[in-house]
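Encoded as structure tokens, the structure appears first; notes follow it.
The values are calculated or read from the model by the stated rules, or taken from the named source; none is laboratory data. Keep in mind that what you see is a predicted model, and the values were worked out from it rather than measured. Here the Cβ positions follow ideal geometry from the backbone for every residue, glycine too, while neighbour counts run over all protein chains shown. These accessible areas exclude ligands, DNA and RNA; they are computed on the full protein's heavy atoms, side chains included. Shrake-Rupley method; radii C 1.70, N 1.55, O 1.52, S 1.80 Å.
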There are 2 protein chains.
Amino acid sequence: MAEELGESLVGAIETGGTKVVCAVGTGPGGSLRARVSFPTGGEPERLLDRVAEWLLAQEREHGRLAAIGVASFGPVDLDPASRTYGYITSTPKEGWRQTDLLGGLRRRLGERPMGFDTDVNAAALGEWVWGGAQGLADFLYLTIGTGIGGGGMVGGALMHGLLHPEMGHMLLPRLPGDDFPGVCPFHGACWEGLCTGPAIEARTGVRAEALAADHPVWEMETRYIAFALANLIYSLSPRRILIGGSVRKAGQYGEARFFAALRRHVQAALNHYLDSPALGVGIEEYLVAPTLGDDAGVCGAIALAQRALGEGGSKLRRGESGRVVEI
Amino acid sequence: MAEELGESLVGAIETGGTKVVCAVGTGPGGSLRARVSFPTGGEPERLLDRVAEWLLAQEREHGRLAAIGVASFGPVDLDPASRTYGYITSTPKEGWRQTDLLGGLRRRLGERPMGFDTDVNAAALGEWVWGGAQGLADFLYLTIGTGIGGGGMVGGALMHGLLHPEMGHMLLPRLPGDDFPGVCPFHGACWEGLCTGPAIEARTGVRAEALAADHPVWEMETRYIAFALANLIYSLSPRRILIGGSVRKAGQYGEARFFAALRRHVQAALNHYLDSPALGVGIEEYLVAPTLGDDAGVCGAIALAQRALGEGGSKLRRGESGRVVEI
């Protein structure tokens, strides 16, 4: 299926809180012709200059970029009918509030088809077209790192809505005896306030990467994340959950132990209420790391660009059994 | 738009934990030609006999029922490719475990198009076709009564997935000092364990309808429900949330005060993190009771039947701005 998709050479931009990754290509791996990253910084105009300059240089070398895909940290305005479509809106990030990202790129790159979505929806799309979510009409992609974000598909469509999901701010039960106030400036001990890299560091005084493998905080963090995953499973009934971001790598504790603990705690939280083999014997294929790893976002931006051309899986729809079929 | 839809006379069945409502009609209100309800009881075969007998009698009186829509309590199997499609599966309800609901009806009513979904998705569909969710591609319908259920649409499609949403089992933060253990046999103090009618009665010793208007439990219940709504808003970004079921009527406290408290507590829980007028000045149109009231489910079953005929909004799709357009 993937072979038929995404044949056009396109440009991809993934804006993150600390760096912006740009690429040109037709897909992941060897299909990624060139990539670069720039520090995000606090001056959007300057950053957009550098991004556009690099993309135009690639175009001279590799040929016409048929479209541009932009995967952005949020909140962003995804409503094409809105006056501020393509903007980063109310972000706390210094200098970036009310930034016309898409307009700024269009002014520099000229009129061409542009795809735009959240970084997590883009990563979800990348995994759906080329990675670990192929064939699934309902799944979630989460990232747990400096912040927590979530996106995915429901019924074969990327999740949008009134704004877009902001799953990281979910409110969770507290573990008995835990009175850590959390680090979220809005909600204190919401999911993001408890489980990001900065939250782990604030709680322990040590960066997550440097925490001892037997530090009790790993057990605690995986339990909190499991509460959030149980809530997402109850709310959305995804067919798979992909978890990217740095926290899942879990430093000395290690990614394998992190996922093993997470799967055990999710099953404990659900307590056999949901009757599906996927949540029982199949849990190792249900809660997984992204196949594209840290490239999910930038590959997703390629897929967004290809969708803007009518490629990138945009002609795929959900079949009767929830599998994806071509129409 | 509604005028063009749903012109066929169909049969509707809404199975609930205590009663089963049947109707024949073409839509809500005056378009509901006849209705009846039976106690659900513990013998599915006997109940299906009564339902089929009543529908066939209506058919003799009103004319051919072109299709049947079934809206059921769950968990149910919604996967048309599954061997147990149309079954009520692992319900704790006495006598109903592994009941072939759709097959039992087909054997009694003969082959005809049948629509099938959860009671809450059906109610959501009813509200979408005729009620308070018209024109919305992303919204939730919740019922808070003997249990808590949730359904709705994402991207213009009813929410399905691995199984179907079971939002009532979401895990929530506890209010300081509250050590009520909750009534959910699976999770104790999950949302359903804290906020259903039986939970209110277990906590206070008094049925919700009989609780004094100034009982502090109303404040507590609306705060817990608001935590769950905030989590659903973060996870799904719905454009509106409809809340049906008996608890929202709130006895002597009253529905108006219940919704006012809920709106206030949702805003407090979100703490201005999401930047949308719908969650600010527009909150009174955002968190609302169903327009079809207690008829949402049975009207939804009519719409499910009409969808099985290619009517009932099945040809409507989401337009660019998230509004629903005809294609």
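Some values worked out for this structure:
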| quantity | calculated |
| --- | --- |
| Selection within segment B:138-196 - within 18 Å of the chain's Cα centre (by Cα), open to solvent by 20 Å² or more (accessible area, probe 1.4 Å) and of a type outside the set (Gly, Ala, Ser) | B:Thr143, B:Thr146, B:His160, B:Leu163, B:Glu166, B:Glu192 |
| Members of segment B:81-101 found to be aliphatic (A, V, I, L, M) and more than 18 Å from B:Glu43 (Cβ to Cβ), listed by number | B:Ala81 |
| Which listed residue, of A:Ala57, A:Ala81, A:Ala34, is assigned to a helix (DSSP H, G or I), over 20 Å from the mean Cα position of the chain (by Cα) and free of Cβ contacts under 8 Å to residues at least 60 places away in the same chain | A:Ala57 |
| Subset tally (residues that are within 21 Å of A:Gln306 (Cβ to Cβ), surrounded by 12 or more Cβ atoms within 10 Å (Cβ to Cβ) and of a type outside the set (Asp, Glu)) for segment A:40-63 | 7 |
| Residue pairs meeting the criteria (Cβ under 9 Å; at least 6 apart or on separate chains; first under 10 Å from B:Gly27 (Cα atoms), in segment B:288-311; second of a type in the set (S, T, N, Q) and assigned to a helix (DSSP H, G or I)) | B:Cys299/B:Ser31; B:Gly300/B:Asn121; B:Ile302/B:Ser31 |
| Enumeration of residues in segment B:228-271 that are farther than 30 Å from A:Pro185 by Cβ and among the hydroxyl-bearing types (Ser, Thr, Tyr) | B:Ser246, B:Tyr253 |
| Test for A:Ser37: is it touching a strand residue (DSSP E or B) at 6+ places or on another chain (Cβ under 7 Å), open to solvent by 40 Å² or more (accessible area, probe 1.4 Å) and modelled with pLDDT under 95 | no |
| Search result, residues across segment B:13-27 that are in a strand (DSSP E or B) and under 13 Å from the mean Cα position of the chain (by Cα) | B:Glu14, B:Thr15 |
| Members of segment A:178-226 that are under 16 Å from A:Tyr253 (Cα atoms) and basic (Lys, Arg) | A:Arg207, A:Arg223 |
| Set B:Asp138, B:Asp178, B:Asp119: member being under 19 Å from B:Ala226 (Cβ atoms), modelled with pLDDT of 95 or more and charged (D, E, K, R) | B:Asp178 |
| Filter result for A:Glu201 (within 11 Å of chain B (Cβ to nearest Cβ), among the acidic types (Asp, Glu) and either closer than 16 Å to A:Leu236 by Cβ or out of contact with any Cys (no Cβ under 7 Å at 6 or more places or on another chain) (or both)) | no |
| Residues that are more than 15 Å from A:Phe180 (Cβ to Cβ) and open to solvent by 50 Å² or more (accessible area, probe 1.4 Å), drawn from segment A:197-222 | A:Arg207, A:Glu209, A:Ala210, A:Asp214 |
| Selection from segment B:264-276 of residues that are modelled with pLDDT of 95 or more and either open to solvent by less than 40 Å² (accessible area, probe 1.4 Å) or more than 20 Å from A:Leu163 (Cβ to Cβ) (or both) | B:Arg264, B:His265, B:Val266, B:Ala269, B:Leu270 |
| Condition met for B:Asp100 (away from chain A (no Cβ under 11 Å) and in contact (Cβ under 8 Å) with a residue 12 or more places away in the chain) | yes |
| Residue in segment B:58-66 that is at pLDDT 95 or above and in contact with a Pro (Cβ under 8 Å, 6 or more places away or on another chain) present | yes |
| Filter result (under 12 Å from A:Gly244 (Cβ atoms) and more than 10 Å from every other protein chain (Cβ to nearest Cβ)) within segment A:124-146 | A:Ala124, A:Gly126, A:Glu127, A:Gly131, A:Gly132, A:Ala133, A:Tyr141, A:Leu142, A:Thr143, A:Ile144, A:Gly145 |
| Exclusive hit being at the interface with another protein chain (Cβ under 9 Å from one of its Cβ atoms), surrounded by 19 or more Cβ atoms within 10 Å (Cβ to Cβ) and of a type outside the set (Lys, Arg), set B:Ile243, B:Ile233, B:Ile225 | B:Ile233 |
| Unique residue being closer than 26 Å to B:Ala122 by Cα, surrounded by fewer than 17 Cβ atoms within 10 Å (Cβ to Cβ) and away from chain A (no Cβ under 14 Å) when the list is B:Ala260, B:Ala256 | B:Ala256 |
| Tally, over segment B:36-93, of residues that are of a type in the set (Val, Ile, Thr) and within 14 Å of another protein chain (Cβ to nearest Cβ) | 5 |
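Here is a yes/no grid of residues against (1) facing chain A (nearest Cβ under 7 Å); (2) touching a helix residue (DSSP H, G or I) at 6+ places or on another chain (Cβ under 8 Å); (3) not β-branched (Val, Ile, Thr):
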residue	(1), (2), (3)
B:Ile148	no, yes, no
B:Val154	yes, yes, no
B:Met159	yes, yes, yes
B:His164	yes, yes, yes
B:His169	yes, yes, yes
B:Leu172	yes, yes, yes
B:Cys184	no, yes, yes
B:Gly188	no, no, yes
